[in-house]
Every structure is written in C-alpha cells, then in structure tokens.
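Student: Structure in structure tokens, see below.
Bear in mind that the values in this text are calculations on the coordinates, not laboratory data. This one's a predicted model, so the numbers in the text were calculated from it and none came from an experiment. Neighbour counts run over all protein chains shown; Cβ positions are idealised from the backbone, glycine included.
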There are 2 protein chains.
Amino acid sequence: ATLAAPVFAQDAPTLSWRLASSFPRSADAIYSGGENLAKYVSEATGGKFSIRAFPAGEIVPALAVLDSVQNGTVEAGHTASYYYFGKDPALCFDSAVPFGLNTRQMNAWVNHGGGMDLLRAMYKKYNIVNFPCGYTGTQMGGWFRKEIKTVADLDGLKFRCSAFAGEVLSRLGVVPQQIAGGDIYPSLEKGTIDAAEWIGPYDDEKQGFHRVAPYYYFPGWWEGTLQVSLYLNQDKFNALPKSYQNVLAQASAMATNQMIATYDAENPKALKRLIGEGAKLRAFPKEVMEASYNEANKVYAEMSAKDPQFKTLLDSFMSFRNETVPWLRVGEGSFDQFMAAVTRK
Amino acid sequence: ATLAAPVFAQDAPTLSWRLASSFPRSADAIYSGGENLAKYVSEATGGKFSIRAFPAGEIVPALAVLDSVQNGTVEAGHTASYYYFGKDPALCFDSAVPFGLNTRQMNAWVNHGGGMDLLRAMYKKYNIVNFPCGYTGTQMGGWFRKEIKTVADLDGLKFRCSAFAGEVLSRLGVVPQQIAGGDIYPSLEKGTIDAAEWIGPYDDEKQGFHRVAPYYYFPGWWEGTLQVSLYLNQDKFNALPKSYQNVLAQASAMATNQMIATYDAENPKALKRLIGEGAKLRAFPKEVMEASYNEANKVYAEMSAKDPQFKTLLDSFMSFRNETVPWLRVGEGSFDQFMAAVTRK
C-alpha cells in the first residue's frame, strides 16, 4: 500500500487553474458556462483539479481571451470564437457564421461530421485545444428604432452587430457599429445608432433595449446558434494526466447541455414579458433575408479565394449544412410545425 | 506520504460494474450510448471505474433492464423508459409520449424546467437513479404497405408500434401489434401486419423495410424525440464516492451529445439512399394528425384521472411544451425554414 501512494498522487495531481471569460457575470446564462465547467471538473476529481473562473475584464480583457490562453497567461478561456473575426475569420466556424448551422447541426458537424478535426487543426497555430462549451440557440436579429420593410431601409442604417454580420450587411448599405455591451442602450436611446443586436430575449430583456428600440426582429441569420468555446493552452493541456483531459471534455459536454437548457427554458418567458412591455416582434422581410443570403455567399467566395484554411472549413461546414437541412425538415420540421399550429389553438 | 495512501484509495476505488442494454448491437447508434458511457467513465477515472456493457439479451432480456437494475442483478442499465408503459405509464415522461417534446425541449425540461426532480421522485420506488443518456431526435412514423389518406384508412390497420402510440391509435381503429425487432420484416413481407415503425432512416435502412412496405411516413408524433436513459441501482449509486457519481453524470452528457450527433449526421445520408431504392416519403395527412392529437388528449385525461403521479408529470411536461413551442417557432423555426427554402434551390 505504501508503494502505491506516489502513483495515486501522479494520477490525480492537485492543480489550480484560472479561466478567463469573455462574458460579464450579468449575462448569466452564457457566463455560467465557464463557471459550470469549473464546478463540474472539480466535482469529477474530488476537488483536486480546481479551476477558478473570472468574468470579462477581471484578469484579462473580454476580447483578449484568445491571446491570453495562447501565451499561457491563463490556462483556460471561455469565449465566442467569432470575437476574433478581425484576426482570423476561419475562427468563426467554431462559433457562428451567416446562414450556417443550428444547434443540432453544429453538435453533429463537430462530433460526427469531421468538424472537430478541422477545428483542432486550425487551433494548432494558436497553441490552443478547443471544446464546445455551450450553445445559445438561434439568436434574435436585434432591436430597431424603425421598421425594416425593404432592402432600401437598410441604407445608412447604423447597426451594432457582430463583425461577420457587419461584413455582409455593409454590402447592403448598413453602417456596422462596434460598441461595447454597456454602451448600447445609451447609443440607441440618443439615436447615435439605429439598431443593435445582443443575444436573445433572456439577455436582451435585462438591457432594456425594448424601451428605446421597440421593433424586435428575427431570425439572427448570422447566428443559427452560437457555439461557445472552452479554450485550453495546448502545453498545459498536454501536461495533464489523460483522466483530467477526459474530465475536461465531459464537463464541457455537461456545461453545454446546461447552457442551452437555460436559454430554451428562459427565453420563452422573457419574450412573453418583453411583448407585454411593448416589444413589437417582426420577421425580417423575405427580400431582406434573400439579399443578405446572396451577399453572404459573395463574402464567402471572396474569403475562400484569399484563405485556404477558411475554404477548407467552409466547404466541410456548408456541405454538412446542405446535406442535413432536407432531413431536418422532414421529421423534426413537420413535428415542430404541427405542434406550433395545434398548441396555438 | 504513506499516511495519505489509504485516503487516495478510498477516493478512487477500483470498481467493476455491468451495464445491461435494451438495444441490440446492430442498432449501433443507440446501442453505443451505453458503450460510450462506459468508455467515458473509464477514461475519466484512469481506468479505475470500469463498466462493461452487454447488448440486449446477453445477460438480461431486453425488456427486463428496469427489473434487473432495481433488484441489483446489474448495477446499470441503458434503456428506453417507455418499454415499461405496461408497468407504469408515468415512466414514459423519461423517454417519449405522444405529441410531447422535441430534443431541445426535453433537454431543457429535464435540466432547467423541473423535470429531473419529478423523474427522480418517480424512480425512487424503483430504487433507481436515472440520467439522460442519448437522444434519437424526432423519429419517423414508420413503413406502410399502402398509403394512408384518411382516418378511415386506419380502420383495422395492423400496425407494429410503441405501446403508447398503440393506446392512442387503437381509438381510431388501428390494431396495435407487439412484435420483436427481428420479426418485423417477415411479418411485413407476408402481410401478417400492414405497417411497422422502428426508429428512423439510419436504423430502418439496415432492416430493409422499404423493400416490403414502401410508404415511409412522418413524423413519428409519439416520439418528438426519444430520451434514452441510464439507470443506476440506487444503493450502488449511493455507495459511490461523490466524484464517481459526478463522473457518471458528465459521461452521460457526453454520450448524449454523441448519440444525437450520430443520428443527425447519418439519418440524412440514409434517407437519401432509401429514396434512391424506392422508399416513398409521405407526410401523415393533417386529418390523421389532428384526430390522433385529439385522441391522445383523451388518453391523457383518462390516465391522469387514475394516476396522480402520471398527472403531476403530465402537467409539468405539457405546460413546459406549451410555453416553449411559441418561442421555438420564432427564432429557430424561421431560421430553419428559411434555410430549408434557400438550400433547396
């Protein structure tokens, strides 16, 4: 028994890691993904592998999570990979791209469609190992001060939106705005911007956007879902016992299911309250959706021509989308549509 | 260091468990849920907690998994709780009920809608602790030798289907058939039965039903999804170190995501092949769907009047359904429908 002791100790070393989040504590459903991951890892290892999560800005700026994990300032990060669109647009395939995948498709592409291998290959140059660690579901299209009835209504529209959506929408006359979360409300109120998208009903409600920009558009076609990511420094990950590496994977899966459960249970209640307080729900007109889709395809063609890694990921991602969409229409789609019709009565 | 050794040993004891599956190895996507669970638990514990999975019938009959876990013949089971409809219809809320929840809703109800507490309370009398351990997605409505155009076409129809679906459909004249998986094909071929449902394209293809009953109906409204369950003997579970209990939860989450990924990636390809070989895809007529929905509601009312636990579960499950369906139509539904329309061009 005495001889065995050091073996046990090596198998399950006591470790303390830090995880930097890109999300503020106030966006609790998405922020909790990182905290839950940390909690689950501790619980699975009897407290031996401890990870402390820090909200955006506390130890690392919100958008510096990738750099900080890459250079080992922190061992782990919880972030949305499309925040780094300016650095490397291919990173967006680990989060969301315009007219991409919904939650089920994203999970399937990553876990059974070759997606994970391609993402891991991409992350090598960042010295990062990634795991999916949360989904938001399809996001909303945002809050608009005025109605959007035609493509012409987009001309000159100052819209606070994700960078990739901005890249597409700028071709239709939109003037994309980069504004930090906390500054959106005053900008909308003053009319410095005309519209802003954040996440969905549960998070948007807390910001109060409906009081200053009542038209609430759907769908957020640039985020059929957002896959939130756990980033781990490659060297630190490689140095872990195999069991801890596997615990990280499994804890991420549980944090993923918990996050989408929270959104799916809380968004309906929040949407109802928002409508009760005057939010006006609107679908983007078909003409706007189609024009956006066409511009997105042009952007994809341009980016693919310049960036072979982007093209490799795009081709896999979009073939998977095109192959799975018709099936999802059949069983899932017809069931969902019947339930929608019959429960409305 | 020598003093610490016994503590480590207690923290991470070496254990060998057996898991009895209700699924045959040939239904590999669903069967793998139990094998993956076992693999992940071993990987997270450095091989110390070992679980061996056995296919249906090898150590325990397919439909005796609940009994065997309850009485401790095996420590664990991987099964579909609606197999025990005859024993206790309330168990179906842990798997699938007619016109119930889709995959996203089921995950949300269980993990953030109060579902898990109700299920755990129900399983107490079976000395079982449950974890979700896989989803199939919305299943297909099955293979029919002749087309179903009206409710009258159901009269006298010998349909091999799940027990709960049979309970509903018998009110519309269907004669439900209980036939083991391996006997379905010959019964369909000879015309002993008129129709049969199994799972979905990926599993159905292997059985070859399309060669003898070409009309392939959707949706399987009795399974908006199937939640597959991990059953653990309560006493054995309680005796585990906390860390192993948590590993079981997390390994189940990963096995869950892996199963639905497999179905979502493989079903589209299988459906395409089936259509290529002559399967004729058909939607159940609206009149048939609505008549079934009305009969299902009557069945629910009757069962609730007799069984308070069934009623408690039904009320929670269906309120959750009715609250979440309108939201899922908005963002998710409009995104999915646009993608379906635009990728068809």
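Student: So how long is each side of the protein assembly as shown along the principal axes, counting just the alpha-carbon atoms, biggest first, in Å?
Tutor: Principal extents (largest minus smallest coordinate, Cα): 73, 70, 47 Å.
Student: Specify which residue in the list A:Phe131, A:Gly141, A:Val325 is farthest towards the positive end of the charge dipole of chain A, using unit charges on the beta carbon of Lys, Arg (+1) and Asp, Glu (-1), about the Cα centre.
Tutor: A:Gly141
Student: Please work out the Cα convex hull volume for the stretch A:146-297 and give it in Å³ per residue. Provide the component values of the computation, followed by the final result.
Tutor: Details: hull volume 20.9 nm³, N = 152.
Expressed per residue, the convex hull around the Cα atoms of the stretch A:146-297 is 137 Å³.
Student: Also, quick follow-up: Multiply the residue gap between B:Glu323 and B:Asp155 by 0.36 nm, knock off their C-alpha separation, and tell me the result in nm, one decimal place.
Tutor: Values: separation 168, 0.36 × 168 = 60.48 nm, distance 3.45 nm.
Gain in length upon complete extension: 57.0 nm.
Student: Please determine, in degrees from 0 to 90 and to the nearest 10, the orientation of helix A:286-306 with respect to the longest principal axis defined by the Cα atoms of chain A, where the helix direction is its Cα long axis.
Tutor: That works out to roughly 50 degrees.
Student: Taking A:Lys125 as the anchor, which aspartates and glutamates have their alpha carbon closer than 12 Å to its alpha carbon, excluding any fewer than eight residues away along the same chain?
Tutor: A:Asp67, A:Asp88
Student: In addition: If the label for B:Ile275 sits 7 angstrom from Cα along the Cα-to-Cβ line, what are its distances to the same label in every other copy, in nm to one decimal, shortest first?
Tutor: The answer, with the shortest distance listed first, is 3.4 nm.
Student: Moving on to the next point. When the Kirkwood hydrodynamic radius is evaluated over all pairs of different C-alpha atoms of the stretch B:190-230, what value in angstrom, to one decimal, is obtained? Before the final figure, lay out the partial values.
Tutor: Working: mean 1/r = 0.0847 Å⁻¹.
The Cα-based Kirkwood calculation yields 11.8 Å.
Student: Within 10 Å of each Cβ in B:99-112, how many Cβ atoms from other chains are there, averaged over the peptide? Walk me through the intermediate numbers first.
Tutor: Values: counts 5, 2, 1, 6, 4, 11, 5, 2, 8, 12, 3, 2, 9, 11.
Averaged over the peptide's residues, the number is 6.
Student: Using the 10 angstrom Cβ neighbour count as an exposure proxy, how do A:Val342, A:Val41 rank, fewest first? Each step should come with its number before you reach the end.
Tutor: On the way: A:Val342 15, A:Val41 27.
Fewest-to-most ranking of A:Val342, A:Val41: A:Val342, A:Val41.
Student: Would you please state the base-10 log of I(q)/I(0) at q = 0.13, 0.20 1/Å for the stretch A:91-232, with intensities from the Debye formula using one equal scatterer on every alpha carbon?
Tutor: -0.62, -1.15
Student: Let me ask something else about it. Semi-axes of the stretch A:38-92's equivalent ellipsoid from the Cα gyration tensor, sqrt of 5 times each eigenvalue, largest first, rounded to whole Å?
Tutor: Numbers: eigenvalues 126, 29, 18 Å².
Here the semi-axes work out to 25, 12, 10 Å.
Student: For the stretch A:267-345, build the charge dipole from Cβ charges (+1 Lys, Arg; -1 Asp, Glu) around the Cα centre, then report which of A:Met303, A:Ser334, A:Gly276 sits farthest towards its positive end.
Tutor: A:Gly276
Student: B:Tyr135's amide H: which non-local residues (gap 5+, or another chain) put their own amide H closer than 5 Å, with H modeled 1.01 Å from N in plane and none for Pro or chain starts?
Tutor: The answer is B:Val228, B:Met259, B:Ile260.
Student: Past 24 Å, Cα to Cα, is the threshold; run A:Lys158/A:Lys190; B:Lys146/B:Lys206; A:Lys149/A:Lys269; A:Lys146/A:Lys190; A:Lys298/B:Lys269 against it and keep the listed order. It would help to have the intermediate numbers written out before the result.
Tutor: Numbers: A:Lys158/A:Lys190 13 Å; B:Lys146/B:Lys206 21 Å; A:Lys149/A:Lys269 28 Å; A:Lys146/A:Lys190 14 Å; A:Lys298/B:Lys269 28 Å.
Over 24 Å Cα-Cα: A:Lys149/A:Lys269; A:Lys298/B:Lys269.
Student: Rounded to the nearest 0.05, what FRET efficiency do A:Ser50 and B:Ala163 have when you use their Cβ-Cβ distance and R0 = 51 Å? Numbers along the way, then the final one.
Tutor: Values: r = 48 Å, r/R0 = 0.94.
Working from the Cβ atoms, E equals 0.60.
Student: Now for a separate question. Quantify how strongly other chains surround peptide B:279-287 by giving the mean number of their Cβ atoms within 10 Å of each of its Cβ atoms.
Tutor: Numbers: counts 0, 0, 1, 0, 3, 2, 0, 2, 0.
Partner Cβ neighbours, averaged per residue: 1.
Student: Another question about this same structure. By the gyration tensor of its Cα atoms, with a ≥ b ≥ c the square roots of the eigenvalues, what is the shape of the stretch A:1-135: rounded for a/c under 1.5, prolate for a/b over b/c, or oblate? The partial results should precede the final answer.
Tutor: Working: a/c = 1.90, a/b = 1.55, b/c = 1.23.
Prolate, since a/c reaches 1.5 and a/b exceeds b/c.
Student: Any idea what the A:Asp28 label distances to the other copies are, label 7 Å down the Cα→Cβ vector, nm, shortest first?
Tutor: List, nearest first: 4.5 nm.
Student: While we're here: Excluding residues on the same chain fewer than 8 positions from B:Lys39, give the lysines whose Cα lies under 20 Å from its Cα.
Tutor: Within reach: A:Lys242, B:Lys48, B:Lys236, B:Lys242.
Student: Further question: In whole Å, what are the Cα extents of the stretch A:85-157 along the three principal axes, biggest one first?
Tutor: 44, 28, 17
Student: Rounded to the nearest 500 deg cm²/dmol, what is the calculated helix-only ellipticity per residue at 222 nm for chain A, with -39500 (n - 2.57) per DSSP H run of length n ≥ 4?
Tutor: On the way: 13 runs with 163 residues, N = 345.
So the calculated ellipticity at 222 nm is -15000 deg cm²/dmol.
Student: Using label points projected 7 Å from each Cα along Cα→Cβ, tell me how many nm separate B:Val342 and B:Asp183, to one decimal.
Tutor: 5.1 nm
Student: If you don't mind, there's one more thing I want to ask. Can you put B:Trp222, A:Trp198 in order, fewest other beta carbons within 10 Å first? Don't skip to the answer; put the middle values down first.
Tutor: On the way: B:Trp222 27, A:Trp198 21.
Listed from fewest to most nearby Cβ atoms, that is A:Trp198, B:Trp222.
Student: Next question, about the same structure. Report the full-extension gain for the segment A:Ala305 to A:Ala121: residue separation times 0.36 nm, less the Cα-Cα distance, to one decimal in nm. Spell out each step's value before the answer.
Tutor: On the way: separation 184, 0.36 × 184 = 66.24 nm, distance 1.97 nm.
So the extension gain works out to 64.3 nm.
Student: Let me ask something additional. Would you compute, for the Cα atoms of chain A, the largest minus smallest coordinate along each principal axis and list the three values in descending order, in whole Å?
Tutor: Answer, in whole Å and largest first: 76, 43, 43 Å.
Student: How many partner chain Cβ atoms sit within 10 Å of a residue's Cβ in peptide B:39-48, on average, as a whole number? Working shown, then result.
Tutor: Numbers: counts 1, 5, 2, 2, 7, 12, 7, 9, 3, 4.
Other-chain Cβ atoms within 10 Å of each residue's Cβ, averaged: 5.
Student: On to the next question. Suppose every Lys and Arg Cβ carries +1 and every Asp and Glu Cβ carries -1, with no other charges. What dipole size does the stretch B:181-338 come out with about its Cα centre, to the nearest 20 debye? Mind dumping the intermediate values first?
Tutor: On the way: 16 positive and 21 negative charges, 45 e Å.
For this selection, approximately 220 debye.
Student: Which residue, B:Ala20, A:Asn71, A:Gly182, has the largest displacement toward the positive end of the dipole of the protein assembly as shown when charges sit on each Cβ (Lys, Arg +1; Asp, Glu -1)?
Tutor: A:Gly182
Student: With charges only on Cβ, +1 for K and R and -1 for D and E, what is the dipole size of the stretch B:83-190 about its Cα centre, in debye, rounded to 20? Let's see the in-between values first.
Tutor: Values: 12 positive and 9 negative charges, 12 e Å.
The calculation lands at about 60 debye.
Student: Using unit Cβ charges (K, R positive; D, E negative) and no other charged atoms, how large, in debye to the nearest 20, is the dipole of the protein assembly as shown about its Cα centre?
Tutor: Details: 68 positive and 70 negative charges, 38 e Å.
The dipole magnitude comes to about 180 debye.
Student: In addition: Please give the peptides A:19-30, B:253-264 ranked by average Cβ packing (other Cβ atoms within 10 Å per residue), highest first, as a rough proxy for protection. Intermediate values should be presented prior to the final figure.
Tutor: Details: A:19-30: 21.6, B:253-264: 25.7.
The most tightly packed comes first, giving B:253-264, A:19-30.
Student: What are the distances, in nm and sorted shortest first, from the label point of B:Thr150 to the label points of the same position in each other copy, with each label point placed 7 Å from Cα along the Cα-to-Cβ direction?
Tutor: 4.9
Student: Using θ = phi - 60° and the Karplus curve 6.51 cos²θ - 1.76 cosθ + 1.60, what whole-Hz ³J(HN,Hα) does each residue of the stretch B:195-208 get, with Gly and Pro shown as x?
Tutor: Values per residue, Gly and Pro as x: 7, 7, 10, 10, 10, x, x, 4, 7, 5, 4, 5, 7, x Hz.
Student: Any chance you could get the radius of gyration and Dmax over the Cα atoms of the stretch B:278-345, in Å?
Tutor: Over the stretch B:278-345's Cα set, Rg and Dmax evaluate to 17.2, 52 Å.
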